[in-house]
Amino acid sequence: MNNKKTTHPLLTQAIRPLPDALAQRYGAWYQGAFQDAKADYQHLADFGQQPQAIVISCCDSRVNAVSLLGGKPGDFFSHRNIANLVPPFQENGAYHGTAAAIEYAIAHLRVAQIIIIGHSGCGGIKAAYAIHSGNNAGGDSGGDSGGIDEASFLHKWLQIIKPAYENALKSGDDTTRIHALEKSSILHSLNNLLGYPFVAEAVKAGRLSLHALWHDIATGQLYAYDSAAGEFVAVAV
Ligand SMILES: [Zn+2]
């Protein structure tokens, strides 16, 4: 940060004190949840993390995948991105945040499961559906009222879903097809995962399994893909 050539002129102005409301929420967490689990945190600090799984879920603020699985700190290595996607394996010089998270989880933490959790009403899937079906209205304007700007990071990211879209339902109304794409894109991501050599190797060695889950936000119901049945089946509660 002392290198003037790389320090943005807006940096000092941009960094502000934490808003009071958030500081108060932190205080409540510190006095409550943290005190209740203080010994657990000390243990995690002393011995490091040994999570059992990596969970890949959407950035959507309504989704709390770790909570959904009863996770406590240390249980799950967590990665979130738009529409809970795994891009295909690519060897190039670009920055690959999702690939780096998966690589660390498998090669270093040696987690036993990769769990992808999709969800109902996913804005990313809906946008991808609009793009790939040619209904990305206002595609060069961006914003909530128009489509996704073709030059945007988001538009590029949602290209990951294209093969899943092409294999998706050819009939039914838009709502049905978007709903189906929310699920089929998860399977497409699992397929992409097997293109990562360290994932395929761990699966072959029998020390890693892949899991596709889909969460209905309104009902709270979780569905798991059953490969024998070829469909998502409600997890018993
Ligand atoms: Zn989403």
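What is the percent of Cα-Cα separations in segment 1-111 that go past 21 Å? Above the 21 Å cut-off, segment 1-111 has 60 percent of its Cα pairs.
The convex hull drawn around the Cα atoms of segment 49-234, when projected onto a plane and averaged over every direction, covers 11.4 nm².
For segment 33-39, 3J(HN,Hα) computed residue by residue from phi via the Karplus equation (6.51, -1.76, 1.60; θ = phi - 60°) reads 4, 5, 4, 5, 10, 4, 5 Hz, glycine and proline entered as x. In the chain, the DSSP-assigned H stretches of four residues or longer account for a calculated mean residue ellipticity at 222 nm of -9500 deg cm²/dmol, using -39500 (n - 2.57) per stretch and the full residue count as denominator. Charged neighbours of Ile116, selected by a Cβ distance under 12 Å, balance to +1 (K, R count +1; D, E count -1). Go ahead and set up a Gaussian network model of the chain, Cα springs under 10 Å, then flag whichever of Trp214, Trp157, Trp29 fluctuates most. For the chain, modelled as a Gaussian network with Cα springs under 10 Å, the answer is Trp29. Sequentially through segment 115-130, phi angles give Karplus couplings (6.51, -1.76, 1.60; θ = phi - 60°) of 10, 9, 10, x, 8, 5, x, 6, x, x, 5, 4, 5, 5, 4, 5 Hz, Gly and Pro residues having no value and appearing as x. Taking Leu22, Leu158, Leu181 as the candidate residues, the one with maximal mean-square fluctuation in a Gaussian network model of the chain, Cα springs under 10 Å, is Leu22. Applied to segment 165-177, the Karplus parametrisation 6.51 cos²θ - 1.76 cosθ + 1.60 on θ = phi - 60° returns per-residue 3J(HN,Hα) values of 4, 5, 8, 7, 3, 9, 10, x, 6, 4, 4, 4, 6 Hz, with x for Gly and Pro. Among Gln24, Gln13, Gln49, the largest mean-square fluctuation in a Gaussian network model of the chain (Cα springs under 10 Å) belongs to Gln13.
Taking the three principal axes of the alpha carbon atoms in segment 13-64, the coordinate ranges are 39, 29, 24 Å, sorted in descending order. Over all other residues within a Cβ to Cβ distance under 15 Å of Gln50, the charged ones net out to 0, with Lys and Arg as +1 and Asp and Glu as -1. The residues neighbouring Val66, those whose beta-carbon lies less than 9 Å from its own, together hold a net charge of 0 under the Lys/Arg +1, Asp/Glu -1 convention.
Read-outs throughout are calculated quantities, based only on the coordinates presented, and are distinct from any laboratory measurement. Being a predicted model, the structure only gives us computed values, none of them experimental. Note that we place each Cβ from the backbone using ideal geometry, even for glycine, and neighbour counts take in every protein chain shown.
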